[in-house]
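Scroll down for the structure; my scribbles are underneath it.
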Amino acid sequence: MSMWKKIGDRETGRLCTNRFANYVRSSRVSSLSLSNYKDIVSAHRGSVNSLQVDLTEGRYLLSGASDASAAVYDIQQATDFEGSGLVAKHRPLFVVDKRHEHGHKYAVSSAIWYPIDTGVFITGSYDHFINVWDTNTTQVAVNFKMPGKVYRTAMSSLSMSHMLIAAGTEDVQVRLCDIASGAFAHTLSGHRDGVMTVEWSTSSEWVLMTGGCDGAIRFWDIRRAGCYRVLDQSQSQLGRRPPLLQRATVNKASTSKSSSAGQSSSMKTRTPQRKIANGNVSKQFPISRLPAQAKGSMRQRLHPGLLSSQDRATAHYGAVTGLKVTEDGMYLLSAGSDSRLRLWDVESGFNTLVNFETVRLQTSKMIQLATTQDSSLVFVPCMTAVKAFDVWSGKTSLIFRGHYENVNCCWFSSQDQELYTGGNDRQILVWSPSKSFVEEGKDTRKGQVHSVDEDNWSD
Amino acid sequence: MEERDGEEGGGGKVRSLIEKATNSISPEVDPRLLKAIKFLVRSSDSELRVAYETLMHSMKTNHSQVRYLSLLIIDELFMRSKLFRTLLVVNLDQLLSLSVGFRRNLPLPAPPAIASTLRLKAIEFLEKWNASFGFHYRQLRLGVDYLKNTLRLQFPNIQANATRIQQERRERELRTREILLNKFEMLKENFDSIKSEIQLTVDEIGECLDIVRTKEENMPLDPIDDEGFEEFRSSELQQLRLDSLKEAEKVHENSDNKVVFDTLRELYKLLVSKHLVAVHEWVSVLVRVEVTDHRFRDSALKEFIDIRNHIRSIQRKCEESGCALPKIKDDDEEDIWEEGKIEPFEKGSSSTPNKDARVLSGKSTSNKVKNEAPESSNKSKIKLTRTSEEGVNDSGSLKDKLKAEAPVLNWGSFLDNWGSNRDVLANQRGLELEGHWGRVDYDAVIPAKKIAELNVHTTVYKEERNEIQPCRAPLSKGGLCQRRDLKICPFHGPIIPRDDEGKPANVNPTLGDNVLDLGTDLVEELARKAVKNVRERDKEEARKREIDKQAMKRAKLAKVREHNEAVLRDAAVASTSRSMVVGDLDATSDAPPMSKSKKQTLASMLRNKVTAKDRLAQRLLNTRARDATTRQLTVGEDENYREAFPNQW
């Protein structure tokens, strides 16, 4: 009912278009449930480790699984129907597995699309190789031999000037593989253990974030040597950073205790890195919005001994198993084997102390988190269920139970507001908004089938 | 339960009903309770939600029986209510882990027997649900897929099996139809040739019969005619003569017309064993086949039926004509054996005319052969050869005697050269032997001795089972003792032949002997016997009475002991680990607290058998100790019980 009212408001201009879209999106997200009419027929015989819908069309779902296979599904167009059109089956468009002459030998831990188009996808595997596939011929175009098992690969969705695959492996070094040249462009050293997860910033094409088994989350600017930030779980700021306009006033007045404290400590944390970095850095940090004069003053007060202690800071007790940057690039969510989910302010590098009500997270494997477009919800695989938490309050808003074994990865398609989850039970499940006003038209043709599913009291 | 009642006033009744229904030891849910639950739940959605919660709660009970009954109710509601389905599928994995127990860290609780039925039932239900509602609930499909393809649990596959059987049957039918059609087409092509072939045989038989008849009329009747005209004139004699003539008609076969008879026999065999069978087959094909061309089918059918009737009449004629005809079995299966059976018989029958027309004996032998032929093919050959010999030999008495003594051998290929004493050529079996392994010596000979050695065969001695006679001594309760002992019955002494009433049968013979021996003392002997009998009877009665008395005494003692035990048990109730639960339950369910009969409860299903320790404790506990321990134990056990069975409390 209210939906029609909103539509009317939008027409008359009382409600701006953007807000109306957001309203529809959030209402759809809040009604996510296991989709009955969309079945992805998993081609995998092992646990599904990685899921991604392509960023260009939002149509092709790429999955990588433990049986060394990767498959692509068309999630918009079903291959066939069952139950007189009630259930749409999405069979894989193609599968590459061990039988492929250049296929992986061991589990595929990561499968990602080339961000610019769907002509290329990249798989990383435990057999130490990263393969770059041509989608149309399903042949390997380039491959990279890594020093250890590949845990995670990532490509920047923003990048206009580089084509680098960031790879987290068993090895302590993070490598950037250049597709154009077929060689390693960078080797980033800093982690003291394998790197479980890598994530490109969504606000700068040069910034890379990596989470290692040593519990550290490091930020790298790939144009320069060394990491420029290590997140420290003990460095915290309370609550959400105030919006930009308010912030300016706060800065002037500097009345807010927490923010001022946060800022001062942020100076401390950042300065050590500043020292290693060469002088004129402030312009090259697009995410850094802090006033330049503050930085300068802090640098002077830096104690040289802080450097090594800062370098040893940890973001989690145990390994960092998952990283996810929000769409706006302002916040970073990290999951650790200490079953904690932390929300970090990317700019200040502080733990925001949001208490997520996670019960238990999978500890041994990398997990793939997902956020909604407006960064209001984060989807986290919690053992056999996937939970959706409110990013700002940490409250559980939805629980998705459907997998029979641990869930490894999830992907939220912001285009259709659909959630895809893959788990150890080899299934890829689709969670879609319960059919509402949008799909009433479709309902009519399914009417006669639905009549079967009705009350049937014999007595 | 009380708190929950407080929370939600409305659903209290459903909850208590479900709890009542699940708290039972029977393998089925009480139908009245089930009906009541359904009735209540149907009335409103909120009731249904309460029912769902209660059922899921009781599924978590640590007792397989409770889970089993809950599952039965869940199934009932699941098949009926849509709301219930939508509620249930959300937590289907939980339900499955509680009912199938596929998670290793959550095995099904005791008792194991019911746990296994619970598991089977759960899988069966899941399959049923999936079959009927799978398209509407992804969770059902997922659950089935997971259990079936990942855990590889065995599903009953009821539906799939049914469809498979259906499919198989359809295929079979299709195939038979095709075969029939093929046959029909073949018949269409060959109809004329088949008909003409049969007609040919029939004509030949007719000719043979004609020849036989004319010969009979011409040849053998002449001398009789002469004599008859001369000697017998009266009507009775005429009649007799006609009869004998008729009789003679049937059996005339001698060296002159042997060829004709042989041909006749051959043709008859052909007709019955081949053509008649073929005609039957064609008729059945025509009846079963489904074709559009009805005209041909009907006409062919008609013709075949005519042919069949014709063949029948010919057959009858042949039989009447009296030539000894081979019995031909209609079964096609025994084609191979027919040769074996007929061959020796023909030998026998052909040998009859040689022995100065001993027609009757020949006839009898052939009859014998006919009777014996269908016997087990194993022995037929030996027996047949014997009978044929019997036919030949007049002085059968010695032979019979020998035969009675002779061992019966199982049939085997060695019988082919029975009694032959020849050398055998080893490499002349009709096989082309290539010299793969060297030169082949075509003249190699196996000497007769070696053959005999090779033919030596063993027989296993089989003990003849003779029946062991029952004892047949009269029993006190009436009837006869049916024990079968070899010599001595443990109750009635040595086994002796007895009459129907169980009296020893050999008393009379001994009496008879006595009579023979001491004929004079007969009266005395009888009197003594009578006295003895009377005394014995008295003794018997006395013994019986004694036994009765003893039995009564024993019964009384047993009663006393029972009473004692009951008192003891009462005393020890609620003081031993075992009786604890019973008392507790009774108290909670407002029953008389010390009910003597041990009510079977869910707890009793979990309980182990009564150990010796329990028994000892029961006996040893006196009242004082009892009171003390009662108090002590009640508290602890009560707690435990409440924890273990929260829904029963």
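The values are calculated or read from the model by the stated rules, or taken from the named source; none is laboratory data. Given the structure is predicted, the values throughout are model-derived calculations rather than measurements. Every residue, glycine as well, gets a Cβ built from its backbone with ideal geometry; the counts of neighbours run over all protein chains shown. Areas reflect the complete protein model, heavy atoms only, side chains present, ligands, DNA and RNA absent. Shrake-Rupley method; radii C 1.70, N 1.55, O 1.52, S 1.80 Å.
Would you tell me the mean number of C-beta atoms belonging to other protein chains that fall within 10 Å of each C-beta in B:137-144, as a whole number? All intermediate terms of the calculation are to be shown ahead of the outcome.
Numbers: counts 3, 12, 5, 1, 4, 8, 2, 0.
So the per-residue partner count for this stretch is 4.
Taking the Cα centre of the range A:313-380 as origin and assigning +1 to Lys and Arg Cβ atoms and -1 to Asp and Glu Cβ atoms, the resulting dipole is close to 380 debye.
Among the lysines of the range B:519-566, pairs at least eight places apart or on separate chains and with Cα atoms under 28 Å apart come to 11. Peptide A:61-67 has a mean shielding of 0, counted as Cβ atoms of other protein chains within 10 Å of each residue's Cβ. Within the accessible surface of the range A:1-151, defined with a 1.4 Å probe on protein heavy atoms only, the carbon and sulfur portion equals 49 percent. Note on A:79-91: average number of Cβ atoms from other chains within 10 Å of each residue's Cβ is 1. Model label sites at A:LYS145 and B:ILE305, defined 7 Å from Cα along the beta-carbon direction, differ in position by 8.9 nm. For the range B:21-60, applying the loop criterion from DSSP together with a ceiling of 12 other beta carbons within 10 Å to the GluC sites (Glu not before Pro) yields B:GLU28.
Assign unit charges at the C-beta atoms only (+1 for Lys and Arg, -1 for Asp and Glu), then state the dipole size of the range B:123-167 relative to its Cα centre in Debye, rounded to the nearest 20.
Details: 6 positive and 3 negative charges, 20 e Å.
Dipole magnitude for the range B:123-167 comes out near 100 debye.
If R0 is taken as 60 Å, the Cβ-Cβ distance between B:ASP485 and B:ALA452 corresponds to a FRET efficiency of 0.80. Can you give me the % of accessible surface on the range A:350-405 that is carbon or sulfur? Probe 1.4 Å, all protein chains present, nothing else counted. It is 48 percent, rounded to a whole number. Specify whether the C-alpha gyration tensor of the range A:127-229 places it in the rounded, prolate or oblate class, a ≥ b ≥ c being the square roots of the eigenvalues: rounded for a/c under 1.5, otherwise prolate if a/b is larger than b/c and oblate if not. Oblate, since a/c reaches 1.5 and b/c is not below a/b. The contact residues of the range B:48-86, meaning those that lose at least 40 Å² of 1.4 Å-probe accessible area when all protein chains sit together rather than their chain alone, are B:ARG80, B:LYS82. Buried accessible surface for the B/A chain pair comes to about 2700 Å², total over both chains, computed with a 1.4 Å probe.
A simple spin-label model places pseudo-atoms 7 Å from Cα toward Cβ; at B:VAL560 and B:ALA530 they are separated by 4.7 nm.
Quick one: order A:THR358, A:THR123 from most to least accessible surface, probe 1.4 Å. If you can, show how the numbers build up before the last one.
Numbers: A:THR358 25, A:THR123 0 Å².
Of A:THR358, A:THR123, the descending order of accessible area is A:THR358, A:THR123.
Modelled this way, with points 7 Å down the Cα-to-C-beta line, the labels at B:PHE155 and B:ALA551 are 6.2 nm from one another.
Give me the accessible area per residue for the range A:1-123, probe 1.4 Å, as a whole number in Å². Let's see the in-between values first.
Working: 5560 Å² over 123 residues.
I get 45 Å² per residue for this part.
Using a probe of 1.4 Å, the accessible surface attributed to A:HIS186 totals some 50 Å² when neighbouring protein chains are kept in position.
Note on the range B:1-155: Lys pairs 8 or more places apart or on different chains, Cα atoms under 29 Å apart, count 28.
Under 8 Å for C-alpha pairs, at least 6 residues apart: give me the relative contact order for the range B:10-95, rounded to a whole percent.
Numbers: 80 pairs, mean separation 27.5, N = 86.
About 32 percent, as a whole number.
Counting Lys and Arg as +1 and Asp and Glu as -1, what is the net charge of the other residues whose Cβ lies under 9 Å from the Cβ of A:LEU332? Around A:LEU332, the charge tally is 0.
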